[in-house]
Amino acid sequence: MRQSLLPLIGGLALASTLVSPLTSTAAHAEDITVGGKNFTEQLILSSMTTQYLQAHGYEVDQRAGMGTTVLRRAQESGQVDLYWEYTGTSLISYNKVTEDLSPEATYARVKELDAEKGLIWLEPSEANNTYALAMRKDDAEARGIATISDLADVINGGQELVLASNATFYSRDDGLRPMQETYGFEFGRRNVKRMDQGLTLTSLDQEEVDVAMTTATNGRIPALDLTVLEDDKNFFPDYALTPVVREETLEANPDLDERMNALSALLDDSTMARLNAKVDVDKQPVEKVAERFLEEHDLL
């Protein structure tokens with residue numbers, strides 16, 4: 001649901017990740033293609049999943065850096081077997097459900113609906129990478145903005161603030177337009193700058209814009225001393241990070257769910273923000289960040 005890091009990953013997309021010698025030599029029924037989207041968190045997760053499964057004897061092909069819609073279609077068509085998806089993305093973008101559901105109900109609904117398409121949602125993690133709006137802390141304090149309602153009041157009062165948004169947030173059903181309708185304000189088309197998601201916080205930090213769309217687990221938020229505006233009307237749905245696998249793949253590899261559920265249980269907001277920061281702020285390679293996390297938890 002997020003920031004691109006192509007200069008750091010080079011040829012990561014469509015490539016298999018090399019890992020240390022296998023700790024398990026168990027044979028598995030078939031190769032598994034692990035997918036991932038084109039922003040930092042997803043690049044880390046696809047590398048982590050690839051290394052983890054390879055270390056337990058699976059033959060894995062990694063296909064990272066894909067667009068959201070392309071990745072989903074690839075999984076439905078059998079080109080991708082496994083990737084980490086967000087509950088809110090499936091609920092709204094893939095299944096067109098517009099009800100205001102609790103996190104538990106959101107998970108239950110997407111699990112039910114996607115099972116009809118042969119896609120199995122495993123155990124959700126505690127990481128909720130929902131959308132968020134950020135401002136520079138000093139600017140937010142000077143304008144008296146702590147919530148999105150405060151932002152709406154300021155804009156409706158006549159101040160023109162410029163928003164940095166990626167193309168997806170600009171157009172999706174839980175994005176900019178319905179958020180503005182919920183809060184009763186509008187930036188105005190000329191005050192919305194569309195750009196790659198990896199540039200929104202950079203643009204904010206460099207004072208090229210006043211507000212930036214981001215995600216809750218973005219590691220650059222604390223590094224840049226930014227303020228995340230409170231979603232005081234609870235507009236943004238839950239985006240629990242969850243491994244999703246094709247039913248056929250799971251049937252052919254019956255221990256895969258146990259493996260992935262164990263990994264999912266280790267992830268929460270602070271963990272993902274820390275991992276994201278290692279890549280986006282500390283400029284560490286995606287593969288190394290993923291590998292060290294697995295080593296910390298004795299998973300390699």
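Worth a mention:
- Residue that is modelled with the lowest pLDDT, among those in region 84-140 that are in a strand (DSSP E or B) and among the hydroxyl-bearing types (S, T, Y): Y131
- In summary, helices (runs of 4 or more DSSP H) completely within region 172-266 and bearing 1 or more residues that are open to solvent by less than 60 Å² (accessible area, probe 1.4 Å) and not assigned by the TED database to the domain that holds G65 occur at 176-183, 200-205, 220-223.
- If you go through region 115-142 and keep only what is surrounded by fewer than 17 Cβ atoms within 10 Å (Cβ to Cβ) and of a type in the set (K, R), you end up with K117, K137.
- Qualifying residue in region 28-36 (condition: open to solvent by less than 10 Å² (accessible area, probe 1.4 Å), touching an Asp or Glu at 6+ places or on another chain (Cβ under 8 Å) and over 27 Å from A167 (Cα atoms)): yes
- For beta carbons closer than 8 Å, sequence separation of 6+ or different chains, a first residue in region 144-158 that is exposed (fewer than 15 other Cβ atoms within 10 Å of the Cβ) and a second that is assigned to a helix (DSSP H, G or I), the qualifying pairs are G144/D150; G144/V154.
- Region 141-166, residues that are part of a strand (DSSP E or B) and within 19 Å of the chain's Cα centre (by Cα): A164, S165
- Exactly one residue out of G118, G157 is closer than 28 Å to L45 by Cβ and among the small types (G, A, S): that is G118.
The values are calculated or read from the model by the stated rules, or taken from the named source; none is laboratory data. Keep in mind it's a predicted model, so treat the numbers as computed, not measured. Don't worry about glycine lacking a Cβ; one is built from the backbone with ideal geometry, like all the others, and counts go over all protein chains shown. Side chains included, ligands, DNA and RNA excluded: accessible areas come from the protein's heavy atoms. Shrake-Rupley method; radii C 1.70, N 1.55, O 1.52, S 1.80 Å.
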